[in-house]
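Notes to accompany the following structure.
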Amino acid sequence: GQQVMQIPQYQHVQEGEDFTTYCNSSTTLSNIQWYKQRPGGHPVFLIQLVKSGEVKKQKRLTFQFGEAKKNSSLHITATQTTDVGTYFCAGKIQGAQKLVFGQGTRLTINP
Amino acid sequence: GAGVSQSPSNKVTEKGKDVELRCDPISGHTALYWYRQSLGQGLEFLIYFQGNSAPDKSGLPSDRFSAERTGGSVSTLTIQRTQQEDSAVYLCASSKDPVGGPQHFGDGTRLSIL
């Protein structure tokens, strides 16, 4: 079936290091969304990207949508302990009704 | 309330019993989704409701699982003859955009089957 693949599955960094998670689809996406789930919490919407090549920033977080609208990335600069959690991408396949979630990247941070 | 409300927050039941999980979406949100999340895993899509359209049931894992949405608002997910592998957190999300817009999640129901 249609899938959105996300890598890496796990990432452990020292506080202050950068972190990147990647999302790839075999088919063109209408949009890509990113969510953050804190340990014990529920996913919370962070941002939506719609345009080819779009780049958006939220403080230390930078989100990119590929030119072909098949991949996306989330980059965190100088991680802080508050960044701990699982980051999910979710893509809307063109012509489909619902979002397809990636498996998530679990970020842990050594203070 | 302002957010998606799910009840109960926790449910412990014996294998073979039926359970009902409830989701009250954000007022005005026409799209409603159910997901299942096992410990440390990703989100497994179960079912999607949009307005008066026929629901997308493609993610339901077996015929023991069913869901309904009454009056375009509250939804109930029913699991019959529960099995231990049904143990997970069941998350509900709603969206005001009917076609793949941002989703707002509830806190989930943690289901434990003994």
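The values are calculated or read from the model by the stated rules, or taken from the named source; none is laboratory data. Only a predicted model underlies this, so the values are computations on that prediction, with no experimental measurement involved. Please note: Cβ atoms are built from the backbone with ideal geometry, for glycine as well, and neighbour counts cover all protein chains shown. Accessible surface areas use protein heavy atoms only, side chains included; no ligands, DNA or RNA. Shrake-Rupley method; radii C 1.70, N 1.55, O 1.52, S 1.80 Å.
Numbers below:
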| read-out | value |
| --- | --- |
| Selected residue (criterion: farthest from the other protein chains (Cβ to nearest Cβ)) from residues of the stretch A:12-34 that are assigned to a strand (DSSP E or B) and open to solvent by 30 Å² or more (accessible area, probe 1.4 Å) | A:Gln14 |
| Counted residues, the stretch A:63-90 - those being under 10 Å from the mean Cα position of the chain (by Cα) and within 14 Å of chain B (Cβ to nearest Cβ) | 6 |
| Residue among A:Lys57, A:Lys92 that is free of Cβ contacts under 8 Å to residues at least 60 places away in the same chain and either over 27 Å from B:Leu39 (Cα atoms) or not in a loop (DSSP other than H, G, I, E, B) (or both) | A:Lys57 |
| Scope the stretch A:35-52; condition in contact (Cβ under 8 Å) with a residue 40 or more places away in the chain and open to solvent by 60 Å² or more (accessible area, probe 1.4 Å); matching residues | A:Arg38, A:Pro39 |
| Any strands (runs of 3 or more DSSP E) falling wholly within the stretch B:12-53 and containing at least 3 residues that are over 17 Å from the mean Cα position of the chain (by Cα) | none |
| Residue within the stretch A:45-57 that is aliphatic (A, V, I, L, M) and out of contact with any strand residue (DSSP E or B) (no Cβ under 7 Å at 6 or more places or on another chain) present | no |
| In the stretch B:68-88, residue farthest from the other protein chains (Cβ to nearest Cβ) [restricted to those that are surrounded by fewer than 22 Cβ atoms within 10 Å (Cβ to Cβ) and in a strand (DSSP E or B)] | B:Thr78 |
| Matching residues in the stretch A:95-111 - criterion: being surrounded by 18 or more Cβ atoms within 10 Å (Cβ to Cβ), within 14 Å of chain B (Cβ to nearest Cβ) and either among the hydroxyl-bearing types (Ser, Thr, Tyr) or part of a strand (DSSP E or B) (or both) | A:Leu99, A:Val100, A:Phe101, A:Thr105, A:Arg106, A:Leu107 |
| Where B:Ser5 falls short, out of the listed (1) open to solvent by less than 30 Å² (accessible area, probe 1.4 Å); (2) within 14 Å of chain A (Cβ to nearest Cβ); (3) not hydrophobic (A, V, I, L, M, F, W, C) | (1) |
| Selection status of A:Arg60, in contact with a Gly (Cβ under 8 Å, 6 or more places away or on another chain), at pLDDT 95 or above and either away from chain B (no Cβ under 11 Å) or surrounded by 18 or more Cβ atoms within 10 Å (Cβ to Cβ) (or both) | no |
| Candidate set: the stretch B:12-57, residues that are among the charged types (D, E, K, R) and away from every other protein chain (no Cβ under 14 Å); chosen: the one surrounded by the fewest Cβ atoms within 10 Å (Cβ to Cβ) | B:Glu14 |
